[in-house]
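Following: one structure in structure tokens, then a few remarks.
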Amino acid sequence: MSRVKNIAFILLITIMVLSACTPADTAAPAAEEPEAAAEAEAEVAEEAEEPAEAEPTTYTYADLVLCYPQLGAESDWRTANSASIKSSADELGIQQLIFSDAQQKQENQISAVRACIQQGVSVIALPPVVEDGWDAVLTEAKEAGIPVIIVDRSVSADASLYDVHLGSNMFLEGQRAAEEMNALLPDGGNILELSGTVGSGAAVGRADGFRDSLNDNITILDSQTGNFTRAEAIPVMEAFLKKYAGEIDGLFIHNDDMAIGAIEALKAAGINPGDIKIVSVDGTRGGFQAMIDGWIQADVECNPLLGPQVMEIALALMNGETVEAEILTNETVYYPDNAEELLPTRQY
Ligand code: AHR
């Protein structure tokens, strides 16, 4: 074979080999097609199997199990507060209200809160008897994921341990009481203080606010607790009378129940309560009657009718809504001049 023939032969073989390869190369994607189709099919099937994204649950009052470990039944204010919680729970048709009475003992309130945590309630609304000593049990509630509303009095625990504080501005109430005393004793004088439960947010706030705004020409001769009750205020007033007879120009009394007890003690000692300037707190029917009778000269309002707000906040928290951290009640001061007219309208 000539050299030219050899070259032609090699070329021919090369062309044949190349053309034999080409179909295989071009066939590759075709060979992949069934695989891709299977993959796509699997994806569609997977998507179809995926559960539809769950709608967020919206709870209603019918789902709400509310724990209200009431601190006691020490005053008309407290009775009205308990009634407001119970009637609101009833009217709104909440699933369950777990209500207890701690008889003014913090250890009873703590046990009641722990029982509610165990039970897995939706929300705890706690009216704390005193300010300190709540950290441990509030931490337990937080760890259990149960929202907490601090109702009425405040706590000293870190605000991260509860969700909301709903109640009165006790410091402002004390300031208002001082302004009334300043107006009643423009030339100054000696006064006594009958204070609420030792260590309670109400007593601490009112005492501080009172001292903050009291005129310098008024001297607080003494301050003793009557634990917010009528019965305990009587012996305190009797002891005051023994010690300070003839020196008392005014009395700042932290609630109407104690004011009524003190008035009884004054009358029993033959003293006309109207001769002493009495400033009280709450604005209960009893306080209004004492203003009508001429015994109390100014009554600083503290509103116990918190039931509707407690329920509303509890439901909002249950639904994961953001609620203001501090909700303070709007309050005023009542005077004898229109007490008779207002008394029939008073709800507590
Ligand atoms: O914490 C509110 C106070 O507690 C009220 O002024 C008093 O009457 C009650 O006992």
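Which one is farthest from GLY209 (Cα to Cα), of the residues in segment 260-300 that are of a type outside the set (Val, Ile, Thr) and near the ligand (Cβ under 10 Å from one of its atoms)? Among residues in segment 260-300 that are of a type outside the set (Val, Ile, Thr) and near the ligand (Cβ under 10 Å from one of its atoms), the one farthest from GLY209 (Cα to Cα) is GLY287.
For VAL121, indicate whether it is in contact with an Asp or Glu (Cβ under 7 Å, 6 or more places away or on another chain) and either modelled with pLDDT of 95 or more or within 16 Å of the ligand (Cβ to nearest atom) (or both). Quick ask: steps written out before the conclusion?
Values: in contact with an Asp or Glu (Cβ under 7 Å, 6 or more places away or on another chain): no; either modelled with pLDDT of 95 or more or within 16 Å of the ligand (Cβ to nearest atom) (or both): yes.
In short, no.
Considering segment 146-202, the qualifying strands (runs of 3 or more DSSP E), each wholly inside and each with 2 or more residues that are of a type in the set (A, V, I, L, M) and more than 21 Å from the chain's Cα centre (by Cα), run over 189-195.
From the residues in segment 173-202 that are open to solvent by less than 20 Å² (accessible area, probe 1.4 Å) and among the β-branched types (Val, Ile, Thr), which one is nearest to the ligand (Cβ to nearest atom)? This residue is THR197.
For the condition open to solvent by less than 40 Å² (accessible area, probe 1.4 Å), part of a loop (DSSP other than H, G, I, E, B) and over 19 Å from SER200 (Cα atoms), VAL130 does not qualify.
The test for being open to solvent by 10 Å² or more (accessible area, probe 1.4 Å) and within 16 Å of the ligand (Cβ to nearest atom) does not hold for GLN224.
The residue of segment 291-319 that is surrounded by the most Cβ atoms within 10 Å (Cβ to Cβ), among those that are touching a Pro at 6+ places or on another chain (Cβ under 8 Å) and not assigned by TED's automatic domain parsing to the domain that holds LYS267, is ALA314.
To keep it simple, each residue is scored yes or no on (1) more than 22 Å from CYS302 (Cα to Cα); (2) of a type outside the set (Val, Ile, Thr); (3) away from the ligand (no atom under 16 Å from the Cβ).
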{"position": "GLU74", "(1), (2), (3)": "no, yes, no"}
{"position": "THR79", "(1), (2), (3)": "no, no, no"}
{"position": "GLN95", "(1), (2), (3)": "yes, yes, yes"}
{"position": "GLN103", "(1), (2), (3)": "no, yes, no"}
{"position": "SER111", "(1), (2), (3)": "yes, yes, yes"}
{"position": "VAL129", "(1), (2), (3)": "no, no, no"}
{"position": "GLY133", "(1), (2), (3)": "yes, yes, yes"}
{"position": "GLU140", "(1), (2), (3)": "yes, yes, yes"}
{"position": "ILE150", "(1), (2), (3)": "no, no, no"}
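When we screen ILE150, ILE146 for residues that are in contact (Cβ under 8 Å) with a residue 24 or more places away in the chain and open to solvent by less than 10 Å² (accessible area, probe 1.4 Å), the only hit is ILE150.
Cβ-Cβ contacts under 6 Å between residues 6 or more apart (or on different chains), taken from a first residue in segment 243-266 that is assigned by TED's automatic domain parsing to the domain that holds GLY226 to a second residue that is part of a loop (DSSP other than H, G, I, E, B) and of a type in the set (Gly, Ala, Ser), are listed as HIS254/GLY196; ASN255/SER75; ASP257/SER75; MET258/GLY226.
The values are calculated or read from the model by the stated rules, or taken from the named source; none is laboratory data. Nothing here was measured: the structure is a model prediction, and the numbers come from that model. Cβ coordinates were reconstructed from backbone atoms using ideal geometry, including for glycine residues, and neighbour counts include every protein chain displayed. Quick note on the areas: whole protein, heavy atoms, side chains included, nothing else; ligands and nucleic acids left out. Shrake-Rupley method; radii C 1.70, N 1.55, O 1.52, S 1.80 Å.
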